[in-house]
1. With r as the distance between the Cβ atoms of HIS120 and ILE165 and R0 = 30 Å, compute the FRET efficiency 1/(1 + (r/R0)^6) and round to 0.05.
2. If you take the beta carbon distance between ASN200 and LYS65 as r and set R0 to 41 Å, what does 1/(1 + (r/R0)^6) give as a FRET efficiency, to the nearest 0.05?
3. Between PHE139 and THR81, what FRET efficiency follows from the Cβ-Cβ distance if R0 is 35 Å, with the result rounded to 0.05?
4. Can you give the Rg to Rh ratio for region 70-133, taking only C-alpha atoms and Rh from Kirkwood?
5. Rounded to the nearest whole Å², what accessible area per residue is found for region 72-201 with the 1.4 Å probe?
6. With the dipole of region 90-202 worked out from charges on the C-beta (+1 for Lys and Arg, -1 for Asp and Glu) around the Cα centre, which of ILE110, ASN199, ASN141 lies farthest toward the positive end?
7. Gain in length, THR149 to GLU173, computed as 0.36 nm per residue apart minus the alpha-carbon separation, to one decimal in nm?
8. What's log10 of I(q)/I(0) for region 79-202 at q = 0.14 Å⁻¹, Debye sum over Cα points only, no solvent?
Amino acid sequence: MKKSKSLLVILIWFWAVSLVMAAPTTTKQMSVNNLTIDNKLLELKIKNKIGINFVKVSISLKNNKEIYNGPCTKVNDKKCTISINKPDKGNLPLTILFYDNRGKITSATIVSHYRGNKKHITLDSANLGVYVFDQFKKFKNVDGADLWTSMDNYFKKINPQNKNIDTFAVLGERYKKDVYDNKKSQEQFFNELNSQLQNNGH
């Protein structure tokens, strides 16, 4: 009888120990599950150097499907963040548009790659120029390489004093001045630019 009681006590002790040992495992598994969820998110850390405030952001996939339309969580006057579900690499590039309170595009950028859970984005004339060039290429329905050569040659010709000209930055500055500041339509801007390139002999 005593033997049976001793055996029962031992079994109960092992059972209690197994419960204690299982608790950290469960907690650890929950942590792993949470980490898995977090890893599905991509945080876009945006720094605004374009000089114009925006109130809304639109993010679209390669197929033009919009996956985000809303505000950017403010960090300070020049920085904000947006968290989105990580897009598959096949859905890149992302097109990100920034709008003011009148619904006008203040800036834009194209995200063609990212690593990990964060992507740092700087809004400046060069990044805006990348977006404008992509739109101009679609507007003309031509090969991007030939159009780039034509535009690069033209901007260097009209800016001979600047041997290290950044064509994307120049294009972004022109777009900001003509379309945002002077209220030209994008179509007007592209038609004028196209005429200038043709008159330049390209």
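The values are calculated or read from the model by the stated rules, or taken from the named source; none is laboratory data. Given the structure is predicted, the values throughout are model-derived calculations rather than measurements. Cβ sites come from the backbone with ideal geometry, for glycine too, and all protein chains shown count toward neighbours. For accessibility, only protein heavy atoms count, side chains too; no ligands or nucleic acids. Shrake-Rupley method; radii C 1.70, N 1.55, O 1.52, S 1.80 Å.
1. My answer for the efficiency is 0.75.
2. That gives a FRET efficiency of 0.65.
3. Approximately 0.60, to the nearest 0.05.
4. Working: Rg = 12.4 Å, Rh = 13.0 Å.
Result for region 70-133 is an Rg/Rh of 0.95.
5. Values: 7250 Å² over 130 residues.
Per-residue value: 56 Å².
6. Farthest along the dipole direction, towards plus: ILE110.
7. 6.8 nm
8. -0.68
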